[in-house]
Each structure stands twice: as C-alpha cells, then as structure tokens.
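Trainee: If you scroll down you'll find the structure; I have some questions about it.
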Amino acid sequence: MPNPLKDNPNWLAVRDRALVPAGAWARQRRDWLVANDPVYGGLRRPGRPEAIAAGGTVLLLALFVLFLALFQWNWLRGPIGSWASARYDREIELNGDLDVNLFSMTPSAQVRGLRIGGPDWALEQDTLKVADLQASIRLGALLAGRIEMPSLIITRPQVVLIATEDGRLSWVLDPEKHDDGEGMKLPLINHLVIRDGTLSLDEQKRDMTLRATISAREGSDGQAGFHLDGRGTMNGTPLRLEVRGGPFINIRRDRPYGFKAELSGVGSTLIADGSITRPFDLGQFTATLSLQGRDLADLYLLTGITTPNTPPYRLSGTLIRDDSLFTFNDFSGRVGTSDLSGDLKVDKVGDRRRVDADLHSNLLDIDDLSAVLGGTPRVTNSGDTVTTSGAGAKLLPTAPLNVERLRVMDGTLRYRAARVKRNELDIRQVDVGADLKDGILMLDPVSFDFNRGSLNGTARINANRGTPYTTADFRLRGYPLESIVPARDGAPVVTGSALGRAKLEGPGASVHDFAANSTGTLSLVVPQGRMRAAFAELLGINVTAGLGRLLSGDTGSSEIRCAVAEFTVRRGIATARTFVIDTTPVLAKGSGTINLGTETMDLRIDGETKQPRLIRLWSPITVRGSLTAPKVGIEGGAVAGQVGLGAALGALINPLIALLPFVDPGLAEDANCGALISSAR
C-alpha cells in the first residue's frame with residue numbers, strides 16, 4: 001500500500017529538520033542520566049541511605065492512615081471554640097459531638113450543642129443556641145469561588161437579637177466591618193429544614209419587642225416552605241410579623257425565590273409580595289408593597305423614614321431594594337379623600353438616611369393638606385370611604401414638629417396638586433417643595449393658586465435647636481376681597497384685589513406657637529376696588545347716608561381709592577402702624593392689635609367724611625373677638641376728636657412710600673394708591 005507521506009516533500013523536510021534532531025537529543029539526555037544522576041542510580045541499585053528514606057516514607061504513610069482511622073473531630077471542639085471566642089470577643093462553644101466528612105464531592109459537617117454568647121454589654125442573653133446543625137457544601141462550586149449548600153438542617157435554634165438606643169447590635173460579630181445598609185447575603189441553599197426555631201428581638205430605640213417561631217420544611221401541603229410568625233409590641237401597641245417563603249427545593253442562583261411578608265403595628269399595615277432576585281442575597285429583592293394606616297407619620301417607627309402627619313391612607317406600588325437603595329415606584333392610592341401618586345427613593349449616604357420624593361395629586365381635598373401642615377382634621381372612616389372635614393378648633397395648626405426625626409435624615413420633596421376640591425378659600429392648585437439637610441428644612445416653593453390671585457413664599461426651619469426656629473416670607477397677589485368679606489343680602493360688600501406680605505421669624509414647635517412668638521411685619525394693600533356705599537358711609541357713621549342706605553337695601557357702591565394695613569409684630573402681638581381706607585365719600589384710619597397667640601383682634605376704625613352732612617354721629621367702629629368670627633360694633637360714649645383730611649393724609653405719606661414697594665414694587669405707581677400719595681404731598 002503506498003504511503004502518501006513518503007513522497008511528500010513537506011513531510012520529508014519536517015522529518016529531517018525537526019524530528020530526527022529531537023530524537024537524537026532525547027537519546028543523549030537519557031544516556032547522560034543513566035551515567036551521572038545519583039537518584040536514578042540509587043533507585044536502580046539502592047544502598048543503605050535509600051533504604052532508610054524509603055522505610056521512613058512508608059512509616060509516615062502508615063502513621064497518617066492510622067491517625068485518620070483513630071482521629072476524633074471532637075478533639076478540635078475546644079481549640080475551635082477558643083479561637084472563635086478570642087476572634088469575636090464573646091463566648092463561643094461546641095458542647096456536643098462534632099462530625100466532619102471531608103472525603104466527598106459534597107463535604108459535610110454536623111455540630112451539636114452550638115452556643116454563641118452575647119457581647120460584653122449583653123452577657124445575660126446568648127445570641128444563638130442550636131441543638132443540632134447539619135450542613136454540606138458543594139466542593140466544585142467552592143473551588144470556583146462560590147458557596148452552595150446542597151443541604152442545611154437546623155434543629156431547635158434559639159436566636160436573641162438586642163439593639164440598644166445608642167445603635168449597638170448584639171448579633172454583629174465584627175462591628176468594624178458591619179454595614180447594615182448592604183443587607184445580609186446568605187449562601188445558596190438547595191434544601192433547608194428548620195425545626196422548632198424561635199427568635200426574640202428587643203429594639204430599645206423604637207420600644208419594640210418581638211417573639212417569633214421559625215420553621216422550614218419540604219412538602220406539598222400548606223405548611224411547606226419557610227414560615228416566620230411573630231407577635232410583640234411597639235411603642236406600647238400590638239405588633240405582628242408574618243413571613244412566608246416557598247419550599248427550598250431545586251433552588252437555583254438564577255431563579256428568584258418568592259416570599260410574602262406582612263407587618264402590622266402602630267396603626268399601620270405593610271404587605272409585601274415579591275421575590276429575592278438572587279437567592280439568598282437579602283440586599284436584592286422586588287415586591288409589590290401595599291400599605292395602609294391611620295397616619296403616615298406612624299410609619300417612622302416601622303421604617304425609620306420621617307413622614308408628615310396625614311389623615312388615614314392606603315397606597316400600593318413596586319418596592320425594589322438594591323443593597324442600601326430602596327425605591328417605591330409608581331405607587332398610587334388615597335390619603336384622606338385625596339388621591340396621591342408618585343415615586344419615592346430611600347438611600348443611605350454615609351451614616352445618614354436620605355429620602356427623595358416626587359408626589360402629585362389629580363384632585364386634592366384642602367382639608368387633607370391641613371393635617372400635613374399640623375392641623376387636626378376631623379376624619380370619618382366608613383368602610384372603604386374616608387371623609388375629612390374641618391381643621392380643628394384653632395385657626396393656626398397646633399401639632400408640634402418632631403425635630404428629632406428631622407435631624408436623623410436628609411432629602412427632598414416636591415408635591416403638586418393639579419386641581420383642588422371646592423373650598424372656602426377658592427384654592428385651585430398647590431405646589432410645595434422641600435429640602436432637608438443637616439436638620440435645616442427649606443420650604444421653597446410654597447405656592448397656592450386661587451381662582452384669582454396666588455400666595456407664594458418660602459420658609460426656613462432650623463430643627464437643630466431645642467425649639468425649632470422659623471423664618472418665613474410669604475406674598476399674596478391679586479386675592480379677591482369678596483372671598484375675604486362675605487356678601488350681605490346677596491350682594492358683595494367689597495370687590496377688588498388684595499396684595500399682601502407676611503415676613504416673620506421666631507421660635508415655635510408648631511405653626512401656632514411660631515406665630516405666637518414671632519417678630520416681623522404683616523402688610524395688606526388694596527390698590528383699587530369697590531365698596532357698598534352704605535358701608536363706605538358707615539366708616540364715618542353718617543346716620544342719614546350710611547344707615548339709611550343700609551336699611552333701605554341700597555346696593556350702590558363707592559370707589560375704594562386705596563386701602564393699606566401694616567402691622568408690626570413683636571412676640572406675636574401685631575400692632576397697627578399704618579391702617580387707612582380711602583373711599584370716595586370717607587377716609588378711615590384704624591388702630592389696634594391682633595394677638596396671634598390667642599387668635600383674637602381688637603381694632604378701632606375712625607372715619608372722616610369728605611362731604612358735609614346734615615346729621616352726623618362721629619363714633620368709631622370696633623372689630624373685636626376671634627379671628628375666625630370677629631364682631632363689628634360701634635364704640636359708644638365719648639365723641640372722638642376730629643382730624644382734618646389733609647393732616648390725616650400727610651401723616652401717612654412716609655409710611656406709605658416705604659410700605660408699598662415692600663409689598664409689591666409696582667404699587668407705588670398704582671393709579672389709585674399713587675394718586676393718594678400724590679394728593680397728600
């Protein structure tokens with residue numbers, strides 16, 4: 001049979017140039033080793049040293065085999081416990097038998113009587129006690145840098161967790177490397193069994209105690225899978241925790257592990273239905289979260305997140321955890337009678353928690369917002385319907401601001417309401433922004449749009465003091481007077497637009513306390529408008545004109561050329577500095593005080609007619625009583641001294657010139673207010 005390689009010139013070249021020289025070199029090396037290498041010679045012709053070395057080797061192998069046959073793993077219980085106790089600065093003991101099987105593709109170990117004591121500040125309670133623990137590990141995965149456990153069986157584990165007010169955690173073995181924001185990362189467990197487990201939690205900062213049973217087993221009935229059932233108290237109220245997971249069978253690292261958890265306490269209920277993305281990395285999961293309760297502020301005790309006071313709420317959305325970052329996206333629901341939706345992000349930056357929220361409502365009930373601002377609305381809850389009405393006995397909210405909660409977190413908030421339910425103030429839209437940093441809360445913007453006009457402003461609240469200190473600056477633009485002064489006999493008393501400014505600062509834990517201790521100015525200007533002629537005349541108490549028109553039902557009107565009220569505020573007492581109402585027939589000047597603490601007023605208005613009257617009673621008008629229901633009367637008794645119109649206007653020139661640009665730069669040039677100033681010059 002012909003050989004194709006024999007006649008192939010390429011093959012002949014490779015043979016002659018490479019293979020033949022290589023073979024010759026190999027033969028030369030072999031001959032040299034046979035002639036000169038002592039090891040080779042000793043093996044072929046062993047002498048006394050070689051015989052001794054061989055015998056020693058055989059003896060060592062025999063001793064090693066004998067050691068393996070007689071070795072007891074229990075001999076290592078003491079050394080292991082001593083090393084672990086010194087390493088983690090707490091007592092760690094193995095009080096029962098220790099069995100280890102290393103010669104397998106799935107090495108396994110069984111530990112009986114494991115005890116891990118508490119840290120030096122909690123010696124009276126062991127952190128963990130386990131009657132029996134059996135575990136195996138997959139060797140191939142371990143060599144590849146992964147930990148996978150085909151089986152883990154735990155019998156009668158007793159876990160005691162203690163968290164002190166100053167942040168110490170009894171279950172953290174190495175506090176210097178602990179980061180509670182990353183989440184616990186457990187190895188992949190294919191088969192888990194927990195028998196008769198118990199868990200005890202004592203968290204002193206939130207006044208929370210919990211006693212729970214833990215079990216995990218296989219099967220096809222309703223009891224299969226992971227179960228944690230806990231009962232306890234939080235802040236003196238009942239607490240309940242239930243966690244359900246699927247059976248531990250055929251668990252894979254790339255297959256999510258489903259769970260359902262329900263937490264109820266302090267008037268709130270949280271239900272999460274989701275899955276751990278990469279079993280069992282507890283720092284990565286996705287769930288549908290539903291939460292409801294009586295007040296969002298109660299969630300602080302359950303979550304550590306500061307939220308404002310609200311009426312009863314019900315919200316649901318998608319909760320995603322990525323280590324320290326939590327996002328609650330596309331949530332929606334109701335707070336009181338208002339709808340609420342948006343996105344929430346909670347992260348840990350350094351040692352502080354940060355919360356960023358973007359919220360909006362399609363239709364807001366303004367009474368629900370009063371609770372956020374510190375009011376105490378009356379809430380009626382009938383089935384699935386929540387009705388909110390009223391804002392409590394005080395005009396200004398009295399609920400205190402919890403400054404301690406503001407000090408432990410940072411964040412931002414933006415809330416917008418596209419529409420507002422019909423309300424007495426005729427508010428149509430709301431836009432509020434907040435920024436919290438190192439205990440300083442900045443509110444910017446705070447914007448309310450009315451049917452006509454708007455209220456815009458900013459506020460700064462310093463929560464680092466024992467009592468919060470607030471600086472606020474708000475401007476009112478174009479608000480209709482008919483919304484302030486109610487109509488009489490079906491006709492408006494006054495019409496026109498009001499502009500104003502409130503610039504105050506002072507201490508106070510609530511809006512009411514802040515106002516009661518504030519210092520600054522309150523200003524209101526009506527650059528032009530109309531007033532019922534009868535009331536315009538009554539500013540000067542003209543019996544023939546004013547009372548006659550009022551009694552006859554005359555709805556004719558007089559021009560308001562300009563009205564200005566400026567109050568200087570000291571410790572919550574607003575004293576009139578400039579108070580003038582200039583109408584066509586009458587010029588009226590006012591004086592008096594408004595007590596923001598007691599929410600009462602005591603004002604007096606003196607009128608001076610611009611036209612001669614046949615019969616005229618000169619007596620001041622008084623406005624006294626609560627801010628919500630003032631009483632208007634006529635001061636009897638002594639007749640007031642009369643002041644000439646020119647002198648009255650002259651006394652107002654300098655205050656008006658300074659005041660009008662403060663409220664609005666354009667007011668000084670307004671047709672009517674500008675004319676008032678010019679005529680007085």
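Trainee: For the stretch 421-477 and the stretch 238-317, what is the separation of their C-alpha centers, rounded to whole Å?
Mentor: 33
Trainee: Something else about it: For S170, S215, write out the residues from largest to smallest accessible area, computed with a 1.4 angstrom probe and no ligands counted.
Mentor: Per-residue accessible area, sorted high to low, gives S215, S170.
Trainee: I've got another one for you. Work out how much length N95 to V349 would gain on full extension: take 0.36 nm times their residue separation and subtract the Cα-Cα distance, in nm to one decimal.
Mentor: 87.2 nm
Trainee: While we're looking at this one, here's another question. With labels modelled as points extended 7 Å from the Cα through the Cβ direction, what inter-label distance (nm, one decimal) is found for R416 paired with D254?
Mentor: Taking the two extended label points, one gets 4.3 nm.
Trainee: Also, quick follow-up: Tell me the net charge near K260. Cut-off is 9 Å between Cβ atoms, K260 excluded, with +1 for each Lys or Arg and -1 for each Asp or Glu.
Mentor: Result for the local shell: -2.
Trainee: Given labels modelled 7 Å from the Cα in the Cβ direction, how far is it in nm from K437 to M184?
Mentor: 3.7
Trainee: Using the Cα centre as the reference, give the magnitude of the dipole from point charges on the C-beta atoms of the stretch 58-158 (Lys, Arg: +1; Asp, Glu: -1; all else neutral), rounded to the nearest 20 debye.
Mentor: Once rounded to the nearest 20, the dipole reads 280 debye.
Trainee: Under 5 Å between amide H atoms, partner at least 5 residues away or on a different chain: which partners does F259 have, H built in plane at 1.01 Å?
Mentor: Excluding prolines and chain starts, which carry no amide H, the hits are G274, S275, I276.
Trainee: A further question on this structure: Need one value: the accessible area of W171 in square angstrom, 1.4 angstrom probe, rounded to the nearest 10.
Mentor: For W171, the solvent-accessible surface is approximately 90 Å².
Trainee: Once you list every other residue whose beta carbon is under 12 Å from the beta carbon of G274, what net charge do they have if Lys and Arg are +1 and Asp and Glu are -1?
Mentor: +2
Trainee: Continuing with the same structure: Determine, from the Cβ-Cβ distance of T568 and D356 and an R0 of 35 Å, the FRET efficiency 1/(1 + (r/R0)^6), rounded to the nearest 0.05.
Mentor: The value I calculate is 0.30.
Trainee: Tell me, what is the 1.4 Å probe accessible area of T213, in Å² to the nearest 10?
Mentor: Accessible surface of T213 is approximately 80 Å².
Trainee: Taking R0 as 45 Å, what FRET efficiency do you get between L102 and T209 from their Cβ-Cβ distance, rounded to the nearest 0.05?
Mentor: E between L102 and T209, to the nearest 0.05, is 0.55.
Trainee: If I model a spin label as a point 7 Å beyond the Cα along the Cα-Cβ vector, how far apart are those points for Y88 and T584 in nm?
Mentor: Result for the modelled spin labels: 9.1 nm.
Trainee: Can you give the FRET efficiency to the nearest 0.05 for A131 and L169, using r as the Cβ-Cβ distance and R₀ = 22 Å?
Mentor: 0.35
Trainee: Next up: If you count, for each residue, the other Cβ atoms within 10 Å and average over each peptide, how do 157-163, 598-604 line up from highest to lowest?
Mentor: 157-163, 598-604
Trainee: Quick query: amide H of R354 versus all other amide H atoms, modeled in the peptide plane; which residues come in under 5 Å with a sequence gap of 5 or more or a different chain?
Mentor: Distant-sequence amide H within range of R354: D347, K348, V349, D410.
Trainee: Which pairs break 31 Å Cα to Cα here: K260/K345; K205/K345; K421/K503; K129/K205; K348/K421; K260/K437?
Mentor: Result: K348/K421; K260/K437 exceed 31 Å.
Trainee: Expected output is a single nm value to one decimal: the length gained when fully extending between T398 and R240, i.e. 0.36 nm times separation in residues minus the C-alpha distance. What is it?
Mentor: Here the answer is 53.7 nm.
Trainee: Quick check: residue separation of S151 and S341 times 0.36 nm, minus the Cα distance between them. What number comes out in nm?
Mentor: Answer, rounded to one decimal: 64.0 nm.
Trainee: Once phi is turned into ³J(HN,Hα) by the Karplus curve 6.51 cos²θ - 1.76 cosθ + 1.60 with θ = phi - 60°, what whole-Hz value does each residue of the stretch 358-371 show in order, with x for glycine and proline?
Mentor: Ordered by residue, 3J(HN,Hα) equals 10, 10, 7, 10, 7, 9, 9, 8, 4, 5, 5, 5, 4, 5 Hz.
Trainee: Please list, ordered by chain and number, the residues whose modelled amide H lies under 5 Å from the amide H of G625; skip anything fewer than 5 residues away on the same chain.
Mentor: Result for G625 returns M601, K631.
Trainee: Rounded to whole Hz and in sequence order, give me ³J(HN,Hα) for the stretch 579-592 from the Karplus expression 6.51 cos²θ - 1.76 cosθ + 1.60, θ = phi - 60°, writing x for Gly and Pro.
Mentor: Computed from phi, the couplings for the stretch 579-592 are 8, 9, 10, 10, 10, 4, x, 9, 10, 10, 10, x, 8, x Hz.
Trainee: If you plug each phi of the stretch 82-94 into the Karplus form 6.51 cos²θ - 1.76 cosθ + 1.60 with θ = phi - 60°, what whole-Hz ³J(HN,Hα) values come out, in order, with x for Gly and Pro?
Mentor: 5, 5, 5, 5, 5, 5, 10, 6, 7, 6, 10, 10, 10
The values are calculated or read from the model by the stated rules, or taken from the named source; none is laboratory data. All of these numbers come straight from a predicted model, not from anything done at the bench. No Cβ is skipped: glycine too gets one built from the backbone with ideal geometry, and neighbour counts run over all protein chains shown. The protein model used for the area step is the full one, side chains on, heavy atoms only, and it has no ligands, DNA or RNA in it. Shrake-Rupley method; radii C 1.70, N 1.55, O 1.52, S 1.80 Å.
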